[in-house]
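Have a look at the structure below, then the notes.
The values are calculated or read from the model by the stated rules, or taken from the named source; none is laboratory data. Please read these numbers as outputs of a predicted model, since none were measured by experiment. Ideal geometry is used to build each Cβ from the backbone, glycine not excepted, and the neighbour counts take in all protein chains shown.
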Amino acid sequence: MTNAIDIAAYEAMKTRVPPGRTPEGWAAFIDANVAIAIAPDSGLHWRITRDSLTRRELRAGAIDADAAARNDRVGTCGPGDLPAYSPSPPTPFRFRLLDDDGEVYYYGRASGADSLSLAYAWGMAWAGTTNLEIPTATGWQSYIS
């Protein structure tokens, strides 16, 4: 069973690009999350476990503690909570999102390899990340860029 969706509202969401986001990245984020909202039992889930970007901005004095509390993305997940989520999933389901300079913005966990593309789309739309890496025996390796 799928959920009904208001197509006009969906298209309107894609035109309301938040400041600092690209129209293409925002549209990809909306498309990925609406696809999951239509089929919420798909098993594709991800969650941000550490927000390095907000911590770095707070330490640098670029934002105050109130702004940091509002901006912190820890706990952000798509497309909802992680129902059958193990606190220690196998290595391929951990990830980190980085910008094009190699700065880590977020760390997270995903329910499976297919969920990584959804986390990547979120990072690209939310913060302009350009790379998703996963841990391997020899260190972090690019998985999507």
Next on the checklist: Being within 22 Å of GLU57 (Cα to Cα) and in a loop (DSSP other than H, G, I, E, B) is true for just one of GLY108, GLY102. Which residue is that?
Outcome noted: GLY102
Next on the checklist: Given the condition of a type outside the set (Gly, Ala, Ser), surrounded by fewer than 18 Cβ atoms within 10 Å (Cβ to Cβ), closer than 16 Å to ARG47 by Cβ and in contact with a strand residue (DSSP E or B) (Cβ under 7 Å, 6 or more places away or on another chain), answer yes or no: does some residue in segment 106-127 qualify?
Outcome noted: yes
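Have a look at ASP100, ASP114, ASP51 and point out the one that is within 15 Å of ILE144 (Cα to Cα) and either at pLDDT 85 or above or of a type in the set (Ser, Thr, Tyr) (or both).
Exactly one of ASP100, ASP114, ASP51 is within 15 Å of ILE144 (Cα to Cα) and either at pLDDT 85 or above or of a type in the set (Ser, Thr, Tyr) (or both), namely ASP100.
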Item to check | Residue count for segment 131-144, restricted to those that are surrounded by fewer than 22 Cβ atoms within 10 Å (Cβ to Cβ) and in contact with a helix residue (DSSP H, G or I) (Cβ under 7 Å, 6 or more places away or on another chain) | outcome: 4
